[in-house]
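Take a look at the structure below.
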Amino acid sequence: MVASSRITLDIGGMHCASCSARIERELTRLEGVQSAGVNLATEKAAVRYSPETVAVAEMIAAINKLGFTASLPQKDPAAAEDRQARKEREVRWLWIKFIVAASFALPLLYCAMAPLLGDPLALPFPSLLGPTEHPLPYALAQLALVVPIITVGNRFYSVGFLSLVRLSPNMDSLIALGTSAALLFSLYNTVLIALGSSLATEALYYDTAGAIITLILLGKCLEAHAKGRTSGALAALIDLAPATALVLVPGKDALHNPLNNPNNPNNPLDSLVEQEILVEEVQPGDLLLVKPGARIPVDGEVASGLSALDESMLTGESLPVEKQPGDTVYAASVNTTGTLTFRATRVGADTVLAQIIRLVEEAQNTRAPIARLADKVAGVFVPIVCALALLAALLWLAVTGGDVSFALTVFISVLVIACPCALGLATPTAIMVGTGKGAELGILIKGGEALEVAGKVQTIVLDKTGTITQGRPVVTEVILPADKVGQAIMGAVPLSASPSPCSILQLAASLERYSEHPIARAVVAAYEGEYLPVEQFKAHVGQGVEGLVDGKRVVIKRGVRVFVDDEYLGQIVVQDAIRPGSAAAIESLQKMGMEMVMLTGDSAATAGAVAQQVGVSKVLAEVLPGDKASEIKRLQQGGSIVAMVGDGINDAPALVQADVGMAFGGGTDVAMESASVVLMHSDLRDVATAIKLSRRTLRTIKQNLFWAFGYNVVGIPLAAGLLFAFGGPLLSPMLAAAAMSLSSVSVLANALRLKAAKL
């Protein structure tokens with residue numbers, strides 16, 4: 001099997017769907033490139049290739065040879081900031097170009113149109129430029145006004161004609177051809193005017209060329225602004241990481257250390273002082289200090305201090321999470337109250353925040369299956385449009401008996417109105433906004449395919465342990481013997497009094513706190529109160545623990561049965577409790593028409609009891625880890641589109657086999673890598689949210705494609721003179737340019753509606 005790697009390249013110079021399609025074709029022609037997807041909205045190429053066969057440098061060279069610019073993404077945050085600043089400068093420069101073009105286009109349109117308006121709309125106009133009295137100054141004034149517009153729009157010509165020479169015409173080629181035809185025909189008629197033909201003033205198209213360039217520049221400005229908003233979620237994630245960190249290093253002066261405790265001469269922190277460093281310089285094992293209000297710079301484990309952290313930017317959970325020594329902290333979370341020191345464990349690209357950013361970015365660079373139709377059409381669209389424009393012009397030239405002006409109007413209108421920008425933006429913009437919206441909700445969708453397929457799911461398979469249940473033992477009740485129930489009272493009581501649930505829990509917790517067993521930790525976690533003194537603690541592997549508690553012999557046997565001086569006091573029931581909200585989430589999914597299935601390796605009796613509590617009717621129990629994927633496959637063979645939700649290593653094969661694999665963010669790294677959707681809240685209710693988001697995004701993509709295709713289906717015949725042939729109006733090139741720009745902006749605006757969607 002040939003080993004494959006994935007790489008993302010930054011692409012510059014793309015202007016429409018045909019540009020991205022051409023780069024894809026060129027990349028896939030290279031031996032060793034297995035697949036390539038170019039995203040017009042994010043200006044990136046995601047390539048899967050064999051490193052043994054093709055080098056990254058070859059791919060970059062192939063793209064650059066086409067007239068575009070390709071480079072590896074900048075990992076350095078400073079370089080990434082420079083790239084963002086450069087893009088912002090490009091957008092500002094685009095607005096400046098539009099303002100310059102508009103400043104000349106307005107007087108150009110006035111110069112061309114004002115003399116043609118008779119009473120009562122007659123506008124003041126200098127007689128020295130009158131088309132009848134002074135036709136040459138009239139033509140030269142328009143030429144002088146159009147030159148600055150063509151100058152600021154020079155990119156359309158340099159890129160457009162270069163693409164034509166390379167036999168890969170794009171959107172710029174259409175604009176360059178259309179406006180050049182108008183300019184050349186106008187120059188020809190200007191020469192005729194200079195030679196004495198005053199009637200040639202009626203065939204000047206300088207205003208058409210100027211207006212087209214100006215309107216398209218305006219469309220590009222609005223498009224760039226909207227595209228910037230679509231990637232806002234990713235930019236917001238990147239901005240969460242602090243630029244610097246406070247590291248504690250050995251030093252003689254500890255006055256600046258807020259953790260210095262003068263009453264504790266043995267405090268190991270007394271010899272440490274703060275030092276501010278760049279977050280990129282933090283190494284695993286460094287001891288870091290975080291003050292109230294500051295953001296955690298990297299992932300780590302709390303060494304000392306107590307505080308509550310706001311992790312909402314990562315998990316969506318609004319309530320702060322209490323942290324104490326031994327707890328994990330994540331980069332970008334906000335320290336709300338106390339001061340913490342923690343050991344760095346994961347830095348740079350290994351932090352949870354960096355992984356989230358990577359997942360979101362990769363998702364935005366992938367394509368949904370629905371986009372393939374648009375890609376195929378866009379790849380051949382421009383050449384077909386050029387042929388249609390020429391055919392329509394020649395046809396009208398013959399029908400009108402050689403009316404070059406009319407034929408030229410049709411030729412320009414068809415070229416301009418058919419620019420495939422909206423087609424190229426229809427899918428990627430919706431995916432960008434959809435995945436960004438998911439990230440805001442704590443739902444990480446790894447690709448366009450997952451985003452599309454999730455909305456078509458019919459069967460949802462749920463792992464039991466850690467998915468429906470909490471995946472860890474908790475105390476659910478304390479059972480007293482029948483003869484003790486009548487004597488039970490609540491609250492901690494002396495051992496000489498009648499036993500109660502709380503007194504039994506106190507005894508057990510006092511003894512179990514010396515054990516590392518998970519069940520022992522569950523008992524200790526369930527008790528809140530004062531511990532009793534313990535002596536002679538002994539642990540018997542697989543049997544239980546014993547010791548002297550407050551002077552009495554206490555034995556806790558298997559099943560957490562508590563004995564005091566050989567007298568049985570009661571049993572503490574420890575179970576894997578059901579997650580809060582699991583039953584409600586399953587009910588919600590069933591109302592959405594989903595078939596719910598529980599898949600577990602536990603016994604049929606245990607699985608059945610849990611299924612009954614949460615309302616799942618179909619249970620697949622006693623399934624070995626290696627057979628889980630086979631059960632998923634069996635459901636798929638029955639014709640169902642299946643989603644698998646799990647959190648453990650043993651769920652990984654099933655997550656991969658499923659049409660959509662969903663893993664809890666609190667689960668294992670293997671499960672999260674195997675899944676196509678990661679639920680950061682580790683909450684089953686987010687499964688329904690992910691499906692609703694998928695359906696909403698897919699609906700937006702279909703709407704965008706409908707409008708993009710529909711726009712061209714309707715626009716091209718109108719521009720070709722279909723209505724005029726039946727006595728209707730002829731679409732002017734200026735209106736065609738305005739319609740083309742509006743179509744792109746409308747597609748982007750429709751995608752941005754996803755940001756405000758209520759799920």
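Every number here is computed from the coordinates shown, using simple stated rules; none is lab data. Not measured: the values here are computed from a predicted model. Heads up, the Cβs are rebuilt from the backbone with ideal geometry, glycines too, and the neighbour counts pull from every protein chain shown.
The table that follows gives values for the structure above.
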quantity	calculated
GluC sites (Glu not before Pro) within the stretch 543-599: DSSP coil, no more than 11 neighbouring Cβ in 10 Å	none
Qualifying trypsin sites (Lys or Arg not before Pro) for the stretch 573-636 [loop in DSSP, other Cβ within 10 Å: at most 13]	none
Residue-by-residue Karplus 3J(HN,Hα) for the stretch 177-186, coefficients 6.51, -1.76, 1.60, Hz, glycine and proline x	5, x, 6, 5, 4, 5, 5, 5, 5, 5
Cα gyration tensor shape for the stretch 501-623, rounded if a/c is under 1.5, else prolate or oblate	prolate
Links that overshoot a 22 Å alpha carbon limit, given the list 97/755; 87/220; 446/692	97/755
Global form of the stretch 163-218, assessed from the alpha-carbon gyration tensor, a/c cut-off 1.5	oblate
Shape call, the stretch 509-572: gyration tensor on alpha carbons, a/c limit 1.5	rounded
